[in-house]
1. With a ≥ b ≥ c the root eigenvalues of the C-alpha gyration tensor of the stretch B:94-227, is it rounded (a/c under 1.5), prolate (a/b larger than b/c) or oblate?
2. What residues qualify as long-range amide H neighbours of A:Phe224, i.e. H under 5 Å apart, gap of 5 or more or another chain, H built at 1.01 Å from N?
3. What is the local net charge at B:Ile137, summed over the other residues whose Cβ is closer than 12 Å to its Cβ (Lys, Arg +1; Asp, Glu -1)?
4. Specify the inter-centroid distance of the stretch B:44-98 and the stretch B:219-250, based on alpha-carbon positions, in whole Å.
5. Using bins 10 angstrom wide from zero, how does P(r) for the stretch A:2-257 break down, in % of all Cα pairs?
6. Can you show me the helix-derived [θ] at 222 nm for chain B, built from DSSP H runs with n ≥ 4 at -39,500 (n - 2.57) apiece and divided by the number of residues, rounded to the nearest 500.
7. For A:Gly89, which sequence-distant residues (separation of 5 or more, or a different chain) have an amide H within less than 5 Å of its own amide H, given hydrogens modelled in the peptide plane?
8. How would you classify the stretch B:212-272 from its alpha-carbon gyration tensor, with a ≥ b ≥ c the square roots of the eigenvalues: rounded for a/c under 1.5, else prolate if a/b is greater than b/c, otherwise oblate?
Amino acid sequence: MKKYLFIAKSQIMSNMQYITNIFGGFIGFTLILIILFNLYQYLYSDPNELINGYSMHQMIWYVIITELLWSILGGSKMSKKIANDVKSGNITYNINKPYSYVGYCLASNIGDLFLKFIFYTIFGMVLGIFFVGHFPNLNIISALIVIVISFLALVISILFITSIGLVSFFIEDASPLYWLYSKFILVLGTIFPIEFFPVFMQKILIFSPIYVVSYGPARLFVNFNYVDAINIFCAQVIYIFACYALCSFIYGKGVKRINVNGG
Amino acid sequence: MAIIEVKKLSKTFKVKLKEKGLIGSLKAIIKPKYKKVEAVKNISFEIEKGEVVAFIGPNGAGKSTTIKMMTSILYPDKGSINIMGLDPTKDRKKLAYQIGTVFGQKEQLWTHLTPYDNFKFFGAIYDINPSVIEKKIDEFRELFELDEFINTPVRNLSLGQRIRCEIVASLIHEPKILFLDEPTIGLDPVVKENIRTLIKRMNKEYKTTIFLTSHDVSDIEKLCKRVIIINNGQVVLDDSMENLKYHYLNKKLVDAKMKEKINLDDEEGITILKDKGYNLKLEVDITKRSVADAIKLLDPDKIIDINISNVPLEDIISNIYKNKE
């Protein structure tokens, strides 16, 4: 465990060398929120009106959290990194070290998003206050629980994207798979809560990764209750074990097929 | 007892084929064709503890594939590898603690971190106690003369400085065997010499077994006492450097500058390599003729200057590659 903490720490230290890149990402994040803020203003004729159980303020906070989780993740870079390592042969240095490669990917990616998690969260909260004027009804304990569940949501996303990246062992370029995954999360899990979709879809979405990677944490933030928190937490723990096992399985099969370019 | 045993090792790659042009690209998508490339064919060798062995061959000979199978990066199709009683395909993690690897064309250091932070990182992943890591860093700092740049981010280092750090990163856990895959590639002669001195010192002071691939003959000549030559995936020569020179250095080169033009033809054991009138270059096969015969043939009275030298090791190795093809 200690070595994985060191991997995460080294990644954080490495990212500190170009910390200003994080602030550049705030521009895109703000633009998306301005667009969505206007969309919700158009949908809600009265800010106190409830649509599918959500007020306009809740909807804005909901989308801030889902957008935060997506922006912090930077999944495209993550997926490409494994594919590039396989193509360039740089993977050689990662697979003959005394650690689990999946554990290495997880630890380095957690380190990679650690600073973004802090800065984006602060920025997102400031932006939310600017748009809405006040925080949702959360006390310190519930806020901490939401932070933990948001962090676990990112861990699950990392594992999902790592599993997609690991498919590069078989097909060299896994970017089409990542594209499908990102659009799935964006369309069904970012802009609108699950309650906005037809009933038959809600039943499917509640069992999909969207429940644990975007809807769950955002829903808790805007409408916290302990029962939902426990349900989401348990589902996340199951997902983490299942995704880790999936990554290890793909890696175990893929590493035997590896063909390092240039010998 | 051998520290490395490689027995009847083989590896075949499946390579995708593509016909030329856009139509070829489309065909490759619809009906992909593959060919099998036998990178390594049934090779066997053993290496003793503390040996410095050159594993050489032309591009595509199978050197890197063999090294990558020995370091548990690639899985062999056939045969077995035993490194200190461990099987690289099954004991990947255990083996990692026993070996170090430097691939000259790849980077293992974190480019945004300093060498010091990198060494701390490598120490941690090999479960070394922090106080022991500090001692090791101090030791290597002196041995590899790292003081000047140990706190400079790796991205700002010169290639020579980076390679020195790559080697230290591979040694931090005191591996028993070090695999060096073209460690001096792209370096200038001074830095190359520096790296060679360090490799020698490492072998002497830590008794590290060194398995080296390089296209630079000086690396091989100055570092290794044994040479394994591989070509087309097969071992074509496995001998000591001394024997290699003894058996293959049976030719001498005679460069002569003449007072006046002389006409010579090839004779048994003497080959005219270059004839530019006043400047001649002859190759003498000393198993058939003596150097004195060649000088007599030139007429000693007409010689202004003469230079007698061995055939460069590089040419010997090239000839071995060609003859075994």
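1. Details: a/c = 1.70, a/b = 1.25, b/c = 1.36.
It is oblate, given that a/c is not under 1.5 and a/b is not larger than b/c.
2. So A:Phe224 has HN proximity to no qualifying residue.
3. -2
4. If we compute the Cα centre of each part, the gap is 19 Å.
5. Spelled out bin by bin, the stretch A:2-257 gives 7, 29, 35, 20, 7, 1, 0 percent.
6. -10500 deg cm²/dmol
7. Those qualifying (amide H under 5 Å, at least 5 residues apart or on another chain) are A:Asn261.
8. prolate
FYI, it's all coordinate maths here, none of it is from the lab. Keep in mind that this is a model prediction, so the values were computed, not measured. Using ideal geometry, Cβ is built from the backbone for each residue, glycine included, and neighbour counts are taken over all protein chains shown.
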